[in-house]
Amino acid sequence: MTCEQIRLHIHEAHDDDNLGAIPEAVRAHLAACGACREFNDDLESLSHALRALPRVRLPEDALDAVWRETIHARPGGLPTSAGFWRLAAAASFVAALSTATLYFVFAPAPPPGPSAVELARASAQAEMVFGYTARALAATRDATTDRVLASKVSPAVRAAAASRPSRRP
Amino acid sequence: MTTNEFEAAVMEHKDRVHNYARGILRDPEDAKDVAQECLIRLWRHREQVEPGTRCRSWLLRSAHNLCIDRLRRRSSRPEIVRDEGAADPTDARPGPERLTSSAEVAGRLERALLDLDHRDRAIVLLREVEGLAYEEIAELLDLKMGTLKATLHRAREKLRHALVRAEVTP
């Protein structure tokens, strides 16, 4: 067999992952031919190196996006931890907004203030009370003045005062 | 497929789909978008997809188709978008010393994968990285078995040559 035919056999053995299946004639050739032996070793090492290439994990944000678009997109899907808290925050906000809206729509109206007629009546009553009070105070003051004059002032002055017209209404 | 089965399928295959898209597109953002879209599509088609191996094939086929769409849209600009993890292509470092660290080998290998066309890259990734059976790959990429094997042999040769040229023992 030529080196080319031998290498085809080597390839096929690698194809099947069964290096033990290399025919005896090929083994004999490999024992004698350094180039083909090196070829075989290279292919074996190449397979190992390819399988040992570093594997890169799918980033977490991409995986999160997959869950969001799939199982979490349907009603009742299990939320992720981040999604759960976002959902909880949104639910709280909606609940607060609904409560505030309901309160403003259905809360009882404050009691109405006094009417104009009642205000006028109250004002008239107050004016009447104040009028009585003012007159009572004036009367008291005049009486006091008279007593002081009677005790402190000479008879001539008292007579002059008595001759003046009274301030009492 | 029930909701629980969908969740299990996502957790099982999300990194596989993401890595495949990353391997084809060589662009982290595009790969993330494709993986995301692919998993969302699975949800929309969950009634037609059975859990297990069929689900894996369905996801990888969907990812492959989405990647091809992106590559076509990207045709006005160069296909190769440098992956952050790929080795610096200008770092030739000629000399007798062989690069031995696994990170360097991985970097060179990723660079060599970039030089394959997207179909060859898809076959290598599905077979050598994801470990899919030939029948599954042939069905997924709509290829005949003979074509698939010949393409894989050619792609392996290219990778081997690229690594040998770069003085890297694969």
ask   = Residues of region B:141-167 being touching a residue at least 60 places away in the same chain (Cβ under 8 Å) and either surrounded by fewer than 21 Cβ atoms within 10 Å (Cβ to Cβ) or aromatic (Phe, Trp, Tyr) (or both), which ones?
value = B:LEU141, B:GLU167
One residue from B:LEU143, B:LEU132, B:LEU116, B:LEU126 being at pLDDT 85 or above, out of contact with any Gly (no Cβ under 6 Å at 6 or more places or on another chain) and assigned to a helix (DSSP H, G or I) = B:LEU126
query = Among (1) of a type in the set (Ser, Thr, Tyr); (2) at pLDDT 90 or above; (3) within 30 Å of B:LEU42 (Cα to Cα), which single condition is A:THR80 missing?
reply = (2)
message = So in region A:24-60, with the set limited to residues that are small (Gly, Ala, Ser) and within 7 Å of chain B (Cβ to nearest Cβ), which one is nearest to B:HIS153 (Cα to Cα)?
response = A:SER47
key: Candidate set: region B:1-32, residues that are facing chain A (nearest Cβ under 8 Å) and surrounded by fewer than 18 Cβ atoms within 10 Å (Cβ to Cβ); chosen: the one farthest from A:ALA52 (Cα to Cα)   = B:THR3
request  = Just give me the residues in region B:49-71 being modelled with pLDDT under 85 and more than 14 Å from chain A (Cβ to nearest Cβ), in sequence order.
outcome  = B:GLU50, B:PRO51, B:GLY52, B:THR53, B:ARG54
task = Consider B:ARG121 carefully, then state whether it is buried (at least 18 other Cβ atoms within 10 Å of the Cβ), in a helix (DSSP H, G or I), modelled with pLDDT of 90 or more and basic (Lys, Arg).
result = yes
Residue selected from region A:1-24 under the condition outside any helix (DSSP H, G or I) and not aliphatic (A, V, I, L, M), by the criterion modelled with the highest pLDDT = A:THR2
request  = Give the residue, chosen from B:GLU29, B:GLU79, that is at pLDDT below 85 and within 17 Å of the chain's Cα centre (by Cα).
outcome  = B:GLU79
message = When you scan region A:3-11, do you find a residue that is closer than 30 Å to B:ARG26 by Cα and facing chain B (nearest Cβ under 9 Å), even just one?
response = yes
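The values are calculated or read from the model by the stated rules, or taken from the named source; none is laboratory data. The structure presented is a predicted model; accordingly, all values stated were derived computationally and were not measured. Cβ sites come from the backbone with ideal geometry, for glycine too, and all protein chains shown count toward neighbours.
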